[in-house]
Amino acid sequence: MEARVVTIATELDIVRVRQTVRDIAVRGRFSLVEQTKLVTAASELARNALVHGGGGEVSVSAEPAGPGVRVRLVFVDHGPGIADLDQALTDGFTTGSGLGLGLGGARRLVDEFHIESTPGRGTTVTISSTSGGVVR
Amino acid sequence: MRPTGAVPVLTLGDVVLVSIQVELHDELALRLQQDLAERVAATGARGVVIDVSAIDIVDSFLAKVLHDISATAAMLASTAVVVGIRPAVAITLVELGLPLRGLRTAPSVDVAFTMLGVRQSAGSPASTVPPPAAEHPSSDVGRGRRENVGAHEQLPPSPRVREMG
């Protein structure tokens, strides 16, 4: 099992997160569509951590899972947190200038999605996907 | 792809053309949006062709930029065509909830030019259909262009922008 941590402090770090996740997904033998979905989800969550959480970090790890590889990403920020998670996961809900599809959209692109948030303390989002077309 | 540099904006006859060959970070994407709008306004280009075939991910931010470029072009009496969206990107955008309805797309730059009513011939990268006598691209931005475009394909006056939001 390998793990890499990428700091999310600027817009350029969003690109670094994408490249790191792409790299690990390629090595985990993700199909092109699987890679694209995971990298896109990572991009959404990295931007969320930057814009709404004031920055943070993501830990990227991979482990064997059946015939494939499970890639897990844990995004941590220490921003204001999210008071109403259900609302934040609703398509079209936004407190920023985007389309409000970040969290809900990212959830649809991955196999597993978990979010924990404490107002005033920050937000942790964990996602994972497994290569080899595992049925959700 | 390296996350550096600006995206060169080319003018080919009556069309503004960009081919995005770098990994776009947010600021670069916004700069491109502004550069394109300024170039269209300055040249009165009838079309904006954006080649994204080298782009391996489009997240909601970049999708919004592409949509905004298209909407801005429409307001400037121009038509944006996005070329070469990769299949994996298309699948992901639909799943993300961003099918980009209203965005005009083409499989190749050739087809995009045809959609815009621009003829291409051997020997030059793109030669435009000669404008009608009454039309002077340098002095008459936007006027009289719809008729030209309509000869090849029915283009609505603007993309259906509301469907994105």
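Odds and ends about this structure:
- Contact annotation: no residue pair with Cβ atoms under 9 Å, 6 or more positions apart or on different chains, pairs a residue in the range B:6-30 that is within 15 Å of B:Val81 (Cβ to Cβ) and among the aromatic types (Phe, Trp, Tyr) with a partner that is open to solvent by 40 Å² or more (accessible area, probe 1.4 Å) and part of a strand (DSSP E or B).
- For the condition in contact with a helix residue (DSSP H, G or I) (Cβ under 6 Å, 6 or more places away or on another chain) and either over 26 Å from A:Arg47 (Cβ atoms) or within 13 Å of another protein chain (Cβ to nearest Cβ) (or both), B:Val58 qualifies.
- Taking each residue of the range B:61-72 that is touching a residue at least 40 places away in the same chain (Cβ under 8 Å) and looking for partners that are crowded, with 22+ Cβ neighbours inside 10 Å and of a type outside the set (A, V, I, L, M, F, W, C) with beta-carbon atoms closer than 9 Å, six or more apart or interchain, yields B:Ser70/B:Thr79; B:Ser70/B:Arg104.
- Flag if B:Asp110 is over 28 Å from A:Phe30 (Cβ atoms), out of contact with any Pro (no Cβ under 8 Å at 6 or more places or on another chain) and of a type outside the set (A, V, I, L, M): yes
- Single match in B:Val81, B:Val111, B:Val94 (criterion: away from chain A (no Cβ under 14 Å), open to solvent by 20 Å² or more (accessible area, probe 1.4 Å) and either at pLDDT 85 or above or assigned to a helix (DSSP H, G or I) (or both)): B:Val111
- Residue in the range B:36-45 that is within 14 Å of another protein chain (Cβ to nearest Cβ), within 30 Å of A:Ala9 (Cα to Cα) and open to solvent by 10 Å² or more (accessible area, probe 1.4 Å) present: no
- Filtering the range B:25-33 for residues that are more than 20 Å from B:Ser78 (Cα to Cα), surrounded by 16 or more Cβ atoms within 10 Å (Cβ to Cβ), among the small types (Gly, Ala, Ser) and within 13 Å of chain A (Cβ to nearest Cβ) leaves an empty set.
- Residue check for A:Val58: in contact with a Phe, Trp or Tyr (Cβ under 8 Å, 6 or more places away or on another chain) and in a strand (DSSP E or B): yes
- A:Thr36 meets the conditions (1) of a type outside the set (A, V, I, L, M, F, W, C); (2) buried (at least 18 other Cβ atoms within 10 Å of the Cβ); (3) in contact (Cβ under 8 Å) with a residue 12 or more places away in the chain in every case but one. The failed one is (3).
- Residue in the range A:82-97 that is assigned to a helix (DSSP H, G or I), among the acidic types (Asp, Glu) and open to solvent by less than 70 Å² (accessible area, probe 1.4 Å) present: no
- Checked against the criterion of being assigned to a helix (DSSP H, G or I), at pLDDT below 95 and acidic (Asp, Glu), the range A:32-51 contains one or more residues that satisfy it.
- Number of positions in the range B:64-78 that are surrounded by 23 or more Cβ atoms within 10 Å (Cβ to Cβ) and within 11 Å of chain A (Cβ to nearest Cβ): 1
The values are calculated or read from the model by the stated rules, or taken from the named source; none is laboratory data. Because the structure is a prediction, the values reported are computed rather than measured. Ideal geometry is used to build each Cβ from the backbone, glycine not excepted, and the neighbour counts take in all protein chains shown. Surface areas here come from the heavy atoms of the whole protein model, side chains and all, with no ligands, DNA or RNA. Shrake-Rupley method; radii C 1.70, N 1.55, O 1.52, S 1.80 Å.
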